[in-house]
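> Can you keep this structure in mind? I'll have questions shortly.
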Amino acid sequence: MVVVGTGLIGTSIALALRGHGVEVLLTDRDQAALAMAVELGAGTALPDGAAAGPADLAVLAVPPAAVAVTLLDAQKRGLATAYTDVASVKALPLAQAAELGCDLSSYVAGHPLAGRERSGPAAARGDLFLGRPWALCPAPGAAPDAVAAVTALAETCGAQPVTVDAAEHDRAVALVSHAPHVVSAAVAARLTGADDTALGLAGQGVRDVTRIAASDPRLWIGILSANAAPVADVLEAVATDLAVAASLLRDGSEGAAAHVADLLLRGNAGRARIPGKHGAAQKAYATVTVVIPDRPGELAMIFQAAGIAGVNIEDVTIEHSPGRPVGALELAVAPEAAETLAAELRARGWSVPG
């Protein structure tokens, strides 16, 4: 494999492939990023800008606006027999590649739906794609061998390949990824003028809502620009809901409150539709709350206690107590296992309210 671009996604793919014994050659215009990826064990630098022969597959881990020109250059150099990319927008790169005269038969547009708030090779992880969807958007006439190669790439990285039309993909990610990022940024932007009292009262709710707002703005402006119309459609719909809610709240009447409640109920219904564990429908879990001291090894001992009790922990969140060296650990478990876990933890000295 050849990986062009050693940022978070490119380096993570390379690390995943190296974990399966795949020979990986790396290239990047940013020599510092390339050197770090090599040092992390993601592969070796592509010698003199070209391989000894065409690789089985070249992964173009570059921003959406750079995919088409990077593909054209790679194909002119005979870098590989098949090509894919990892940009989070698909229709624009495909259209640009066709306009430039790229060979679309050897190219399968791709998008692994995984990421982190951090960027660059230092944030890369070989397990980043485990269990995550990996969209494949082959153009009409894409060679079966190229589709098979990109499918194998996704599966080797531990992801679930999903074939989807490029335009449908872009509308989907606008709804579930791109617009939510802008909404998160809008909420976080309100905090820039917050006083110390408000910030001191910040809890897990605002942390959850604003988590993705910490991502690199330079990366995201490229993504949003490349998928502008679908994102705008979602933002306009969200803005309408918010504007109506604001107007109703200012009205202050009992009837107005009922209309706001309708938005909250629709929010419940939408949240419930997000697939749960292993892609199945979300299950209702019980929550066991544990007061946990902020000291080394505490989490490990709690998980060990859960294992001894024979209880599987489905999800974990920690809410830290401002100014105190303790936090509230929330463990999501099957309802029938909640009391078993609580009893085990209490018996071992942890405070479990309820």
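FYI, it's all coordinate maths here, none of it is from the lab. All values derive from a computational prediction rather than experimental measurement. A quick note on method: Cβ atoms are made from the backbone with ideal geometry, for glycine too, and the neighbour counts reach across all protein chains shown.
> Over all directions, average the projected area of the Cα convex hull of the range 52-187 and note it in nm².
For the Cα atoms of the range 52-187, the hull's average projected area reads 8.7 nm².
> Something else now. Just from its helices, what would the mean residue ellipticity at 222 nm be for the chain, if runs of 4 or more DSSP H residues each count -39500 (n - 2.57) and the sum is divided by every residue, rounded to the nearest 500 deg cm²/dmol?
Using -39500 (n - 2.57) per qualifying helix, the result is -14000 deg cm²/dmol.
> To continue, here is another question. Along the range 283-299, what does the Karplus equation 6.51 cos²θ - 1.76 cosθ + 1.60 (θ = phi - 60°) give for ³J(HN,Hα), rounded to whole Hz, x for Gly and Pro?
So the J values, rounded to whole Hz, are 9, 8, 9, 8, 10, 9, 9, 10, 7, 10, x, 8, 8, x, x, 5, 4.
> Another one. Return the percentage of antiparallel bridges among DSSP beta bridges fully within the chain, rounded to the nearest 5 %.
For the chain, the DSSP antiparallel bridge percentage is about 55.
> What whole number of Å gives the distance from the Cα centroid of the range 335-354 to the Cα centroid of the range 188-262?
37
> For E336 and D241, compute 0.36 nm times the residue count separating them, minus their Cα-Cα distance, and round to one decimal in nm.
30.4 nm
> Hey, got the dipole for the range 170-273? About the Cα centre, +1 on K and R Cβ, -1 on D and E Cβ, debye to the nearest 20?
Around 300 debye, computed over the range 170-273.
> Another question, then. Springs between alpha-carbon atoms under 10 Å, Gaussian network over the chain: tell me which of S88, S225, S12 tops the mean-square fluctuations.
Top of the fluctuation ranking is S225.
> Once the other residues with Cβ under 14 Å from the Cβ of A148 are scored (Lys, Arg +1; Asp, Glu -1), what is the net sum?
Neighbourhood net charge equals -3.
> If neighbour count is taken as other Cβ atoms inside 10 Å, put I308, I313, I302 in order from fewest to most.
By the 10 Å Cβ count, ascending: I308, I313, I302.
> Now, a different point. Using a Förster distance of 30 Å, how high is the FRET efficiency between D165 and D56, based on the Cβ-Cβ distance and rounded to 0.05?
After rounding, the FRET efficiency stands at 0.70.
> To the nearest Å, what is the center-to-center distance of the range 295-322 and the range 74-121, using C-alpha atoms only?
Here the two parts' Cα centres lie 41 Å apart.
> Please arrange F129, F303 by counting, for each residue, the other beta carbons lying within 10 Å of its beta carbon, fewest first.
In order of increasing Cβ crowding within 10 Å: F303, F129.
> Relative to the first principal axis of the alpha-carbon coordinates of the chain, what is the inclination of helix 91-100, with its axis defined by its Cα atoms, in degrees from 0 to 90 and to the nearest 10?
For helix 91-100, the angle is close to 10 degrees.
> Bins of 10 Å, beginning at zero and ending with the bin holding the largest distance: percent of Cα pairs per bin for the chain, please.
Calculated P(r), rounded to whole percents: 5, 19, 26, 24, 17, 8, 1, 0.
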